[in-house]
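Peer 1: Dropping the structure in here first, questions after.
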Amino acid sequence: MDAIDMAADILEREAAIRGEELSITVESQAWSGWDDFKQAFSLASEAGNAPDLIVSGHEDIGPWSEAGLIVPIEDYVYFDTWPLSSIYPNLIEVASFNGQIWGIPQDAEARVMFWSIPALEAIGWSEDEIASLPDLILNGEFTLYDMLDALKAMQDEGVLEPGMAFGPRVSNGPDYWQFYQAFGGEMADPETGKLVLDTEALTGMYQFFVDAVEMGVVSSTHLGMEWDAWHQNAAAGSYGAWHGGTWHYAQWTNQFGLEDFFGTVEYTLIPAGDENGRANSITHPLVYLLTAAAPEEEAAIAAELVAIASEPRINALHAVKSAHLGISEEETLVPLYAENRWLTAASERLAPHTNAIPNNPDFGTYWTAMYEGLEASWTGVTSVEDAVAEVEASVTQALGDDVIVR
């Protein structure tokens with residue numbers, strides 16, 4: 001919101017220099033939860049009083065564009081001129097749907113596997129071995145099951161408390177699709193754009209978490225833990241490995257007392273699960289979107305404000321403050337960003353290997369079924385085989401020929 005305020009000031013000053021009168025009032029509202037925000041936007045749209053501009057996850061582009069709630073931002077700005085021309089092409093692709101660019105990325109990030117350096121050292125890992133872990137994972141030489149063996153060793157040595165060696169995220173999120181990809185899963189078919197349900201990959205993913213529970217490195221009741229408790233455990237080194245986002249660095253170092261991140265935490269891609277999969281990371285950019293409720297003149301101004309807010313120096317303020325990754329290579333050269341060790345390191349090691357969940361409007365149906373199956377198998381309510389069968393039945397019933405089952 002601060003970036004849009006800054007952009008409004010700049011646009012007004014530019015207008016004054018041209019001898020034009022332009023007065024922009026920016027009214028902003030923040031939301032603490034996605035569900036409340038999305039419900040509020042839907043209700044406001046129905047009532048005809050939606051704001052001109054919103055920021056949401058890129059996966060909302062599909063359903064909101066088809067519902068007529070947003071308009072293509074490419075109709076109001078030029079992506080072949082600076083600063084929009086400098087935005088990473090893969091981020092523009094994430095903000096596109098059905099051949100049109102609907103949004104402008106506000107930020108980027110990567111989802112990371114974090115490792116406790118002291119816990120690895122306690123089971124005999126040398127400094128060189130720990131330093132080589134990112135490359136071993138990238139090359140598929142260290143898998144998720146190698147990770148479980150290392151975590152079990154940490155608990156057996158008494159380095160970590162039972163059931164605490166592995167700390168997955170505690171609620172649903174794009175992160176869990178990384179484990180599906182780790183076993184060779186594909187979310188959408190690049191040729192047709194149809195969703196893909198790979199039952200073998202889903203089985204491997206579910207079985208991995210069931211095996212982690214059976215090995216005793218994570219609890220069957222881990223899902224649903226309070227986020228603050230999870231953050232405290234991560235910052236205190238109570239886990240041997242845990243997965244989260246690049247932005248969590250700011251929370252742990254600013255709010256949860258982690259003083260020596262680089263001395264105590266190693267960071268890598270999510271390891272491959274087996275020979276069919278790959279090490280990977282998912283990025284989940286938030287995007288600026290123009291709503292269909294905006295009058296033409298206001299939509300044009302709102303789009304121009306977003307373009308200005310996307311300039312490297314302004315966007316870097318948001319990136320550094322929130323520990324998000326930049327949206328362009330130029331932004332990584334801004335001194336404030338370049339001097340930040342974590343953002344520079346994450347941009348180099350993780351960002352090049354990220355992909356994103358599809359903008360397909362039916363993906364939410366698939367996502368919900370996937371997570372319900374994960375919960376059911378993780379907690380022992382159903383077997384892995386039955387959980388996968390239930391996901392297949394649910395998704396095919398809902399989507400029919402719009403999903404490819406492998």
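Peer 1: Report the percentage of all Cα-Cα pairs in segment 321-406 whose separation exceeds 22 Å, rounded to a whole percent.
Peer 2: Value for segment 321-406 (Cα pairs over 22 Å): 52 percent.
Peer 1: So who's got an amide H within less than 5 Å of the one on N280, skipping anything under 5 residues away but keeping other chains? H placed 1.01 Å off N, in plane.
Peer 2: I270
Peer 1: For segment 332-406 and segment 203-275, write down the distance between their C-alpha centroids in whole Å.
Peer 2: 17
Peer 1: Most mobile of G240, G364, G257 per a Gaussian network model of the chain (Cα springs, under 10 Å)?
Peer 2: Checking each option, the largest mean-square fluctuation is seen for G257.
Peer 1: Then there is this: Nearest 20 debye, what's the magnitude of the dipole of the chain about its Cα centre given +1 on Lys and Arg Cβ and -1 on Asp and Glu Cβ?
Peer 2: Around 400 debye, computed over the chain.
Peer 1: How much net charge surrounds L144 when only other residues with a Cβ under 11 Å from its Cβ are counted (Lys, Arg +1; Asp, Glu -1)?
Peer 2: Numbers: positive: none; negative: D146, D149, D211, D274.
Computed value for this residue: -4.
Peer 1: Report the per residue volume, in Å³, of the convex hull enclosing the C-alpha atoms of segment 91-194.
Peer 2: Residue-normalised Cα hull volume stands at 152 Å³.
Peer 1: Oh, and also: Kindly give the semi-axes, whole Å and largest first, of the ellipsoid equivalent to segment 1-83, taking each as the square root of 5 times a Cα gyration tensor eigenvalue.
Peer 2: 28, 17, 13
Peer 1: How big is segment 236-314 by Rg and Dmax over its Cα atoms, in Å?
Peer 2: 19.8, 54
Peer 1: Specify whether the C-alpha gyration tensor of segment 298-361 places it in the rounded, prolate or oblate class, a ≥ b ≥ c being the square roots of the eigenvalues: rounded for a/c under 1.5, otherwise prolate if a/b is larger than b/c and oblate if not.
Peer 2: Working: a/c = 2.68, a/b = 1.22, b/c = 2.19.
Oblate, since a/c reaches 1.5 and b/c is not below a/b.
Peer 1: With the calculation restricted to Cα positions, what are the radius of gyration and Dmax of segment 247-366 in angstrom?
Peer 2: Both quantities, over Cα of segment 247-366: 17.8, 54 Å.
Peer 1: Then there is this: Restricting attention to segment 331-406, which GluC sites (Glu not before Pro) occupy a DSSP loop and are surrounded by at most 14 other Cβ atoms within 10 Å?
Peer 2: The qualifying sites are E339.
Peer 1: Another one. For K321, which lysines qualify as cross-link partners when the Cα separation must be under 29 Å and same-chain residues fewer than eight apart are set aside?
Peer 2: K38
Peer 1: Continuing with this model, one more query. For the chain, modelled as a Gaussian network with Cα springs under 10 Å, which listed residue fluctuates most, T221, T25, T143?
Peer 2: T25
Peer 1: Which of rounded, prolate, oblate describes segment 55-114, given a ≥ b ≥ c as roots of the alpha-carbon gyration tensor eigenvalues and a/c under 1.5 marking rounded, otherwise prolate only if a/b is larger than b/c?
Peer 2: Oblate is the answer for segment 55-114, as a/c is 1.5 or above yet b/c matches or exceeds a/b.
Peer 1: On C-alpha positions alone, give me the angle between the axis of helix 34-47 and the longest principal axis of the chain, in degrees, nearest 10.
Peer 2: Its long axis makes an angle of about 30 degrees.
Peer 1: Just to confirm the number: angle between the C-alpha axis of helix 312-322 and the first principal axis of the chain, 0 to 90 degrees, nearest 10?
Peer 2: Its long axis makes an angle of about 40 degrees.
Peer 1: What lysines could a cross-link reach from K152, if we take a straight Cα to Cα line under 28 Å and drop same-chain neighbours fewer than 8 places away?
Peer 2: Filter leaves no residues.
Peer 1: Continuing with the same structure: When the C-alpha atoms of segment 174-252 are aligned to their principal axes, what extent does each axis show, in angstrom, from largest down?
Peer 2: Cα spread of segment 174-252 along its principal axes, largest to smallest: 45, 32, 19 Å.
Peer 1: Helix 384-399 sits at what angle to the longest principal axis of the chain, using alpha carbons and giving 0 to 90 degrees rounded to 10?
Peer 2: 20
Peer 1: Which entry in (1) 1.24; (2) 0.92; (3) 1.03 matches Cα Rg over 2.2 N^0.38 Å derived from the coordinates of this structure?
Peer 2: Read-out from the structure maps to (3).
Peer 1: Let me ask something else about it. Excluding E109 itself, what net charge comes from residues whose Cβ is under 15 Å from its Cβ, given Lys and Arg +1 and Asp and Glu -1?
Peer 2: -1
Peer 1: Just flag the chymotrypsin sites (Phe, Trp or Tyr not before Pro) in segment 77-129 sitting in loop per DSSP whose Cβ has no more than 16 other Cβ atoms within 10 Å.
Peer 2: On the way: sites: Y78, F79, F97, W102, F114, W115, W125; in loops: Y78, F79, W102, W125.
Here the chymotrypsin sites (Phe, Trp or Tyr not before Pro) that fit, given the DSSP loop and packing criteria, are Y78, F79.
Peer 1: Still on this structure, please answer the following. Just G158, G140, G244 to compare: in a GNM of the chain, with alpha carbon springs under 10 Å, which one fluctuates most?
Peer 2: G158
Peer 1: Heavy atoms of the protein only, probe of 1.4 Å, neighbouring chains included. What is the accessible area of K38 in Å², nearest 10?
Peer 2: Per-residue accessible area (K38): approximately 50 Å².
The values are calculated or read from the model by the stated rules, or taken from the named source; none is laboratory data. Since the structure is predicted, the reported quantities are computational estimates derived from the model, not experimental observations. Virtual Cβ from ideal backbone geometry, glycine too; neighbours counted across all protein chains shown. The area values use the complete protein model at the heavy-atom level, side chains included, leaving out ligands, DNA and RNA. Shrake-Rupley method; radii C 1.70, N 1.55, O 1.52, S 1.80 Å.
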